[in-house]
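Participant: Pasting in a structure now, in structure tokens, and then I'll have a few things to ask.
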Amino acid sequence: MDSSEFAPAIQSILATAREREGGGERVSVDPRSLPRAIERAEADGRVPLVAEVKPTSPTTDGERTDDPVDLARQMVDGGAAALSVLTEPEHFGGSPETLARVREAVDVPVLRKDFVLREGQLDTVAADVVLLIARFVDDLPGLLAAARDRGFQVLVETHTVEEVEKAVAAGADIIGINNRDLAKLEVDLGTFERVAEAVPENVTLIAESGIGTTDDVARMRAAGADALLVGSAIMDGDVAANTRRLTRTETQ
């Protein structure tokens, strides 16, 4: 993987990810089902939302210093079908310990959001779902299989049709399409609309990044999103109210 094509912030993230040690003891997970959580939200009349506990990031200003467990509970109270928790420490203020605390405190699936590049890094912390970014993983079929062997469900993140094809060939059954181009950190909601057509119908499809308004929610859902991953638009202000606003779009 040649990281020179990426924005400086992404190059820095990848450099630290390559150096980060894996966990010690092999992780074994009995996961809460993300697809079933999405179905339950649909049945309840809610937009299936994966709400992200994100203290900070290279693409946002400021930092939330609230207790992440309190934030997570507010998101669930607001109707989130699942949660995403950052475990990347240097650039996003996350930690495996935060994810462990959040997962213990809620009863919805929890996604580990990080830059996992090799098998040993899977053993850092138990989660229901682990993120693998197709653009960054050299052996996607091997790492996906290693994650599943530990019990993880796997969200494979893509940005292009070619990456979707790579994910499908690797056996991915949960695919995310990131509207943010990680090479330039630019966001275009049209990305999901263009790329979603390449995703097979039997795959759970998640729209990521740039979703901030109820119009954005409706647009992504119309383009085929089974669920939406939203961070900044929820973390900026009243977390429960922001979650409720976005999850109740289709019942208004």
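The values are calculated or read from the model by the stated rules, or taken from the named source; none is laboratory data. All figures in this text were calculated on a predicted structure; none of them were measured in a lab. Because the Cβ atoms are built from the backbone with ideal geometry, glycine has one as well, and the counts that use them run over all protein chains shown.
Participant: Have a look at Val125, Val130, Val76 and point out the one that is closer than 26 Å to Gly171 by Cα and either touching a His at 6+ places or on another chain (Cβ under 7 Å) or free of Cβ contacts under 8 Å to residues at least 40 places away in the same chain (or both). Show your work before the answer.
Facilitator: Numbers: Val125 fails: either touching a His at 6+ places or on another chain (Cβ under 7 Å) or free of Cβ contacts under 8 Å to residues at least 40 places away in the same chain (or both); Val76 fails: closer than 26 Å to Gly171 by Cα.
It is Val130.
Participant: Please pick out the residue among Asp139, Asp128 that is modelled with pLDDT of 95 or more and either closer than 21 Å to Val187 by Cα or surrounded by fewer than 17 Cβ atoms within 10 Å (Cβ to Cβ) (or both). Working first, answer last.
Facilitator: On the way: Asp128 fails: either closer than 21 Å to Val187 by Cα or surrounded by fewer than 17 Cβ atoms within 10 Å (Cβ to Cβ) (or both).
Exactly one of Asp139, Asp128 is modelled with pLDDT of 95 or more and either closer than 21 Å to Val187 by Cα or surrounded by fewer than 17 Cβ atoms within 10 Å (Cβ to Cβ) (or both), namely Asp139.
Participant: Which numbered condition trips up Pro31, out of (1) more than 25 Å from Arg248 (Cα to Cα); (2) modelled with pLDDT under 95?
Facilitator: Looking at each condition in turn, Pro31 falls short on (2).
Participant: Looking only at the range 208-252, count how many residues are polar (S, T, N, Q), within 18 Å of the chain's Cα centre (by Cα) and part of a loop (DSSP other than H, G, I, E, B).
Facilitator: Residues meeting the conditions: 1.
Participant: What residue, of Ala223, Ala207, Ala218, Ala240, is modelled with pLDDT of 95 or more, farther than 28 Å from Leu122 by Cα and touching a Phe, Trp or Tyr at 6+ places or on another chain (Cβ under 6 Å)?
Facilitator: Working: Ala207 fails: farther than 28 Å from Leu122 by Cα; Ala218 fails: touching a Phe, Trp or Tyr at 6+ places or on another chain (Cβ under 6 Å); Ala240 fails: touching a Phe, Trp or Tyr at 6+ places or on another chain (Cβ under 6 Å).
Being modelled with pLDDT of 95 or more, farther than 28 Å from Leu122 by Cα and touching a Phe, Trp or Tyr at 6+ places or on another chain (Cβ under 6 Å) holds for just one of Ala223, Ala207, Ala218, Ala240, which is Ala223.
Participant: A further question follows. Which members of the range 196-218 meet the condition of being under 12 Å from Val47 (Cβ atoms) and not aliphatic (A, V, I, L, M)?
Facilitator: Thr214, Asp216
Participant: How many residues does the range 149-161 contain that are surrounded by 15 or more Cβ atoms within 10 Å (Cβ to Cβ) and either in a helix (DSSP H, G or I) or of a type in the set (D, E, K, R) (or both)?
Facilitator: The total comes to 3.
Participant: Specify which of the listed residues (Leu86, Leu99) is touching a helix residue (DSSP H, G or I) at 6+ places or on another chain (Cβ under 6 Å), closer than 25 Å to Thr247 by Cβ and not acidic (Asp, Glu).
Facilitator: The unique qualifying residue is Leu86.
Participant: Exactly one of these conditions fails for Lys113: (1) among the basic types (Lys, Arg); (2) more than 18 Å from Leu228 (Cα to Cα); (3) surrounded by 17 or more Cβ atoms within 10 Å (Cβ to Cβ). Give me its number.
Facilitator: With respect to (1) among the basic types (Lys, Arg); (2) more than 18 Å from Leu228 (Cα to Cα); (3) surrounded by 17 or more Cβ atoms within 10 Å (Cβ to Cβ), Lys113 is out only on (2).
Participant: Right, something else. Out of curiosity, is Asp128 out of contact with any helix residue (DSSP H, G or I) (no Cβ under 7 Å at 6 or more places or on another chain) and at negative phi? If you could, list the steps in order and put the result at the bottom.
Facilitator: Working: out of contact with any helix residue (DSSP H, G or I) (no Cβ under 7 Å at 6 or more places or on another chain): no; at negative phi: yes.
Against the criterion (out of contact with any helix residue (DSSP H, G or I) (no Cβ under 7 Å at 6 or more places or on another chain) and at negative phi), Asp128 does not qualify.
Participant: Counting only residues that are part of a loop (DSSP other than H, G, I, E, B) and over 13 Å from the mean Cα position of the chain (by Cα), how many does the range 162-207 have?
Facilitator: Of the residues in that region, 14 qualify.
Participant: Now a separate question. So which residues in the range 162-188 are within 24 Å of Ala9 (Cβ to Cβ), of a type in the set (A, V, I, L, M, F, W, C) and surrounded by fewer than 20 Cβ atoms within 10 Å (Cβ to Cβ), if there are any at all?
Facilitator: Residues satisfying the conditions are Ala183, Leu185, Val187.
Participant: Can you confirm whether Val50 is at pLDDT 95 or above, assigned to a strand (DSSP E or B) and out of contact with any Gly (no Cβ under 6 Å at 6 or more places or on another chain)?
Facilitator: Working: at pLDDT 95 or above: yes; assigned to a strand (DSSP E or B): yes; out of contact with any Gly (no Cβ under 6 Å at 6 or more places or on another chain): yes.
So Val50 passes the test.
Participant: Out of all the residues in the range 12-22, is one or more surrounded by 14 or more Cβ atoms within 10 Å (Cβ to Cβ), modelled with pLDDT under 85 and of a type in the set (S, T, N, Q)?
Facilitator: Within the range 12-22 (the criterion being surrounded by 14 or more Cβ atoms within 10 Å (Cβ to Cβ), modelled with pLDDT under 85 and of a type in the set (S, T, N, Q)), the answer is no, since none of the residues qualifies.
Participant: Would you please name the residue that is modelled with the lowest pLDDT, looking only at residues in the range 53-71 that are surrounded by 15 or more Cβ atoms within 10 Å (Cβ to Cβ) and charged (D, E, K, R)?
Facilitator: Only one residue fits best here, namely Arg64.
Participant: Is it the case, given these coordinates, that Thr191 is free of Cβ contacts under 8 Å to residues at least 60 places away in the same chain, over 23 Å from Val110 (Cβ atoms), surrounded by 15 or more Cβ atoms within 10 Å (Cβ to Cβ) and of a type in the set (Ser, Thr, Tyr)? Before the answer, list the steps.
Facilitator: Working: free of Cβ contacts under 8 Å to residues at least 60 places away in the same chain: yes; over 23 Å from Val110 (Cβ atoms): yes; surrounded by 15 or more Cβ atoms within 10 Å (Cβ to Cβ): yes; of a type in the set (Ser, Thr, Tyr): yes.
Yes: the conditions hold for Thr191.
Participant: Considering each residue of the range 72-95, count those that are modelled with pLDDT of 95 or more and surrounded by 16 or more Cβ atoms within 10 Å (Cβ to Cβ), and give that number.
Facilitator: The qualifying residues number 13.
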